[in-house]
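Input: a single structure, listed below in structure tokens.
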Ligand code: SAH
Ligand code: F3S
């Protein structure tokens, strides 16, 4: 009899990738995935610590599991991910219903921890072990594969506001041969698009057969894999946008024209306090160079408002930068002080000021996003179909520019088709297949 595992994933794409790998590791031990906690023998929360709200959500979700655990005391509850790493033992103290706590670098130890839990033993593992966790996880079973996949290549980064260096450990890159093998395996199983993941993915410098590979080199080698049609990578740091990577955007057709390149602020004073090590001007020049290599590049970014010490003038500098770049997509957040980070020691901006700035900034970003979408109407894009849409006969997929596109078609998940965009909605586009069938 197989046991049932429910995983809830919070936070970034790296957690999505990790959840899949944990499901595979547990699958080898007879656990099959289920989509509700009510059905599960084990519930695993793969958590995010990036902002206070995200971290606190885990405790409210654990609170909601209490009646379930009371009714079924043999239900096992695990906390994985970045809250697990940051708070470790504290989670067991605050939430006695938890059976195991496992940090992001220890997932290969999860099956053993699950066995301990089944035997009534609580375990906490928040080590940063020497071995590569990915090497100790089993190969991906076919059933888990969709046309698009994430592939983690690098972890770790250094900004003054961010908890990730504390939750994911020092900056490390996986050896190139392992990544190439994982990518080939995914493609053999039907994956057509791979998104390379890293907190600072363009700082990738994995050991290769002929010295360290850069991300540019990795992209070029991946582009030679037959059957792999699209390559993306996220998240990049402006300081690590090397010339060979920029050049690859002009030369490798499989490298998609969408770049998430967070700047966080447009004020040099704040950038310095954030430990970003570049100015607003340098960022703007960098984008010029990227657009020279790939004129249709869709730019995306992240912004933090209300960083300690941010004045009105600093905020206006951020607004000016946004106007200069003209983003196709962007994410923005109110600064959240994270325990242990250098920025958390400084006096915060009053909450009402930060709230107002966030609204102003989001209004501008939304307007830019709408305009970028509207500009797609009348254009032809390629769409990788992923799943049925909401309406009958409809499929939904992503364009080269990462817009969700709805099309009435008999294309299958994994097919790529040329689509003429006919309409735009708040968060997606609609279009019609041009010339022939999708392949
Ligand atoms: N590096 C990961 C996740 C970064 S967090 C990735 O690959 O996506 C995503 C964004 O959250 C950051 O770019 C930043 O804009 C925001 N962020 C990080 N720490 C924050 C904090 N303490 N308060 C508010 N926003 C934060
Ligand atoms: Fe959150 Fe950890 Fe990702 S803190 S954003 S889950 S790296």
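The values are calculated or read from the model by the stated rules, or taken from the named source; none is laboratory data. As the structure is a computational prediction, the values presented were derived from the model and not from experiment. Every residue, glycine among them, receives a Cβ derived from its backbone with ideal geometry; neighbour counts consider all protein chains shown.
Just to check your reading of the model, which residue among 333, 307 is under 24 Å from the mean Cα position of the chain (by Cα) and not in a strand (DSSP E or B)?
That would be 307, the only listed residue that is under 24 Å from the mean Cα position of the chain (by Cα) and not in a strand (DSSP E or B).
In the set 298, 274, 319, 329, which member is surrounded by fewer than 20 Cβ atoms within 10 Å (Cβ to Cβ) and touching a residue at least 60 places away in the same chain (Cβ under 8 Å)?
When all the criteria are applied, what remains is 329.
Tell me, yes or no, whether the range 23-46 has at least one residue that is within 15 Å of the chain's Cα centre (by Cα), surrounded by 19 or more Cβ atoms within 10 Å (Cβ to Cβ) and not in a helix (DSSP H, G or I).
Yes - at least one qualifying residue is present in the range 23-46.
Which of the residues spanning the range 326-352 are within 15 Å of ligand 1 (Cβ to nearest atom), over 13 Å from residue 304 (Cβ atoms) and modelled with pLDDT of 95 or more?
327, 329, 351 - these are the residues of the range 326-352 that are within 15 Å of ligand 1 (Cβ to nearest atom), over 13 Å from residue 304 (Cβ atoms) and modelled with pLDDT of 95 or more.
Residue-wise test of (1) outside any helix (DSSP H, G or I); (2) at pLDDT 90 or above; (3) within 17 Å of the chain's Cα centre (by Cα).
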position	(1), (2), (3)
112	no, yes, no
116	no, yes, no
120	yes, yes, no
129	yes, no, no
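Just a yes or no: is a residue in the range 64-76 free of Cβ contacts under 8 Å to residues at least 60 places away in the same chain, touching a strand residue (DSSP E or B) at 6+ places or on another chain (Cβ under 6 Å) and closer than 30 Å to residue 172 by Cα?
Taking every residue of the range 64-76 in turn, none turns out to be free of Cβ contacts under 8 Å to residues at least 60 places away in the same chain, touching a strand residue (DSSP E or B) at 6+ places or on another chain (Cβ under 6 Å) and closer than 30 Å to residue 172 by Cα.
Looking only at the range 163-217, how many residues end up being within 16 Å of ligand 2 (Cβ to nearest atom), farther than 19 Å from residue 106 by Cα and not in a loop (DSSP other than H, G, I, E, B)?
Count: 4.
List the number of the failed condition for residue 2; all other conditions in (1) at pLDDT 95 or above; (2) touching a strand residue (DSSP E or B) at 6+ places or on another chain (Cβ under 9 Å) hold.
(1)
Tell me yes or no: at least one residue of the range 137-157 is within 16 Å of ligand 1 (Cβ to nearest atom), in a helix (DSSP H, G or I), crowded, with 20+ Cβ neighbours inside 10 Å and modelled with pLDDT under 95.
No, the range 137-157 contains no residue that is within 16 Å of ligand 1 (Cβ to nearest atom), in a helix (DSSP H, G or I), crowded, with 20+ Cβ neighbours inside 10 Å and modelled with pLDDT under 95.
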